[in-house]
Amino acid sequence: MVKATKLLYLLLFFLTPLVFTTFNSELFEIPKMYLVYLFTVLVLLFHVLNYFKGQVSLLSKTPLNLPLLLFLLIQIISTIFSVDIHTSFFGYYSRLNGGLLSLLAFSLLFFILVNYLDDKFKNDIINFSLISGFIVATYGILEHFGIDAKFWLQDVSTRVFSTLGQPNWLSAYLCILLPLAVYKLQSSRSKLLVTFYLVLNTLYFLCLLFTKSKSGIIAAVICLSIYLVFNFKKFPKLLGTMYLVLLTLSLVIDNPIKDIVFTSPSLKSEKPRSDILITPSEDIRKIVWSGAIRLWQKYPILGTGPETFAYTYYSVRPASHNLTSEWEFLYNKVHNEYLNYLTNTGTLGFLSYLLLIFSSSYLLISHRKWDLLAAYLSILITNFAGFSVVIVSLYFFLLPALALTPVPVNTPRFLRSPLLLISLYLLIFSSSHLLKFYLADIALAQSDREDNQNQYVKSYQYLLKCYQLNPNEPVYLSRLSVASAKLSAVYFLEKDTTSALEFATNSLGFSDLALAISPLNVNFLKEHTQALTYLATTDTQYYPQAITTLHQTTLLAPTDAKTFYLLAKFYNATDNLQETETNYLKAIDLKPNYDHAYFDLGLLYFNQKKYDLAKKYFELNLQYSPGNQNALDFLKKIPNPSRLRRFSL
């Protein structure tokens, strides 16, 4: 069983980067997280069996035990006081990683792993990691040359993401492996191994360059430089030459570092910022970070709860976010792991996170594990401009363990039988729920596909399957609300009033359940409004409910221009022209380049024969949407002032 436990860990490091699917609602992170959950349960069972047989100790003393336990304790307390306990425990739906459950899994894997560490096992973990990385990097390079260009909607050949799902996530993973591969090259003696690791390092770095990730490339250069400094005397000429070759590659191949070095400031500023359609990611990050700081100031002690940023950011979202190309995007992460912990778990969570980092770094430095230190530091660097995904979290929690020499803790023998029974129960309970939850997510993806093809009945049936498998997931409940409203509208058109009324009632019921679990989820409020929009086609009594819901949304998201725009549309549908005008103007105030709001406000004034105002707003619309033929047509319909004067005379 000891060998089987070690094999589970090796498979965990090998498979996690490689796993992705084509049938989940999120193709990369969800399968990886469920794989980690499954391996955690299996590792726990095998470990307890080994302990029951007296082959290993249950626990071991390490310098990281206390920092990790303190970190977990504060995460648990923050979850208890979270604004959304469900999300804080399970994680944000499409991510999962970062919720309390995922942190418990990674921590448990650490506490169990240290009981099995020996030099051979540590070496095996690194070897399995590097082999998996070899597959990932090779696929990434092939992606650059178009091997799967027709498979993805994104231009994956320009910025590769391999089996990780996003270029920055891939770069963060490769940065972890590079120092380990360099160490293997340095310590290899046979020519065959030297050649293999030389090729491996080149593949990693080449794939890293093809991600065009600024944070990843900078992290790799810094961490390899640190490794070079600490191993300068041991550096053979071959390794020094390889390092220079890699740096040269980074300046030759099209990537952010080349742009920084070879592009002059005058060339960079030739194009006016107003002409750029895509807002630079660093500009958006600054806006999101400023919002995160404001949120921490509102909840300074324990934050709003793990993984709740997607909901709470709206309350402090800077209005300047409306002027970016991603103004309608939902940000479920701060895109800075440190601010993520500061915002979600407050000062206490942030300090405990820093304590864990400093403890791990000190451990690696004191044991002179320069390769592990460089790999660990790469995580800290890439996390500054991003956030931890499943594979990065796996290394963040487990990599420092490879420097440990644990001391077994003696535990009473009478604990063995109860622990075995508990672990068996956990295996059965967890496995059945993991399977249900995973199948529910597959059904959710199938529902989305059917909905996109206007197959509303099939879409609804798949959502019902989601609900049956996991009735407490508010994402399914909110989607069911919208799907039921669509079917209510369909049956109303078919003059089946009984079915239309039944689905309308179900729609409101599902939405109430979703909001009872996640009352601050702005997305659920917007989906509730969407459902009421469909229901309003069957009965105008739903308009006031939609207006009430949108007003509730504005309290949670006071700078969200889209909400005020929708509010104006609903007021217009109820012929409340004063409130329509007020809310269009509010949307424009929050987003001065809001072309749709300008046009609709111009149309409102045109219908009221306020032609001067109509002309003003149609012309403003054309400033931001020059090709809008409707605005041009209405401008032609506006009588010129001289004709109006003659008519009045």
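Read-outs: derived from the displayed coordinates by stated rules, not from any lab. The model shown is predicted, which means the values in this text are computed figures rather than measured ones. Neighbour counts are summed over all protein chains in view; Cβ atoms, including those assigned to glycine, are modelled from backbone coordinates with ideal geometry.
Here the dipole of the chain is about 1660 debye; that uses its Cα centre as origin and unit charges on the Cβ of Lys and Arg (positive) and Asp and Glu (negative).
Expressed as an acute angle from 0 to 90° and rounded to the nearest 10, what is the orientation of the C-alpha long axis of helix 611-624 relative to the principal long axis of the chain? That helix lies at roughly 20 degrees to the long axis. Between Ile222 and Phe81, the distance separating the two model label sites (each 7 Å from Cα on the Cα→Cβ line) works out to 3.2 nm. Calculated from the alpha-carbon coordinates, region 1-80 shows an Rg and a Dmax of 15.9, 43 Å respectively. Between 0 and 90 degrees, rounded to the nearest ten: what's the tilt of helix 474-493 against the longest Cα principal axis of the chain? Helix 474-493 sits roughly 30 degrees off the main axis of the chain.
Note on Leu380/Ile428: beta-carbon distance plugged into 1/(1 + (r/R0)^6) with R0 of 45 Å gives a FRET efficiency of 0.70. Cβ crowding within 10 Å, taken as a proxy for footprinting-reagent exposure, orders Ile126, Ile176, Ile365 from fewest neighbours to most as Ile365, Ile126, Ile176.
Mind ordering 103-114, 621-632, 158-169, 303-314 by average Cβ neighbours within 10 Å, highest first? Intermediate results must be reported in sequence, preceding the final value.
Numbers: 103-114: 20.8, 621-632: 14.5, 158-169: 22.3, 303-314: 27.2.
For the peptides 103-114, 621-632, 158-169, 303-314, the packing ranking is 303-314, 158-169, 103-114, 621-632.
Overall shape of the chain was characterised from the C-alpha gyration tensor. The equivalent ellipsoid obtained from it has semi-axes of 50, 33, 21 Å, in decreasing order.
Calculated on the Cα set of region 439-648, radius of gyration then Dmax: 20.5, 72 Å. Straight-line reach from Lys32: taking Cα to Cα under 14 Å and skipping same-chain neighbours fewer than 8 places apart, the aspartates and glutamates in range are Asp441. Here the translational diffusion coefficient of region 346-492 follows from Stokes-Einstein with Rh set to the Kirkwood radius across Cα pairs; for 4 °C and 1.567 mPa s it amounts to 64 µm²/s. So what does log10 I(q)/I(0) come out to for region 424-524 at q = 0.22 Å⁻¹, using the Debye formula with one equal point on every Cα and no solvent? Listed by q, the Debye log ratios stand at -1.10. Seen against the Cα atoms of the chain and their longest principal axis, helix 65-80 is set at about 20 degrees. Under a 5 Å amide H cut-off, with hydrogens placed 1.01 Å from N, Ser60 pairs with Val409 among residues at least 5 apart or on other chains.
Computed from the alpha carbon positions, the gyration tensor of region 539-637 leads to an equivalent ellipsoid with semi-axes of 24, 16, 10 Å, biggest first.
What ranking do 50-63, 177-190, 404-417 get when scored by the average of other Cβ atoms within 10 Å per residue, highest first? Write down the numbers at each step before the final one.
Numbers: 50-63: 17.0, 177-190: 19.9, 404-417: 12.3.
Sorting 50-63, 177-190, 404-417 by mean packing, highest first, produces 177-190, 50-63, 404-417.
Based on the Cβ-Cβ distance from Asn454 to Asn576, what FRET efficiency comes out when R0 is 25 Å, to the nearest 0.05? The computed FRET efficiency comes out at 0.15.
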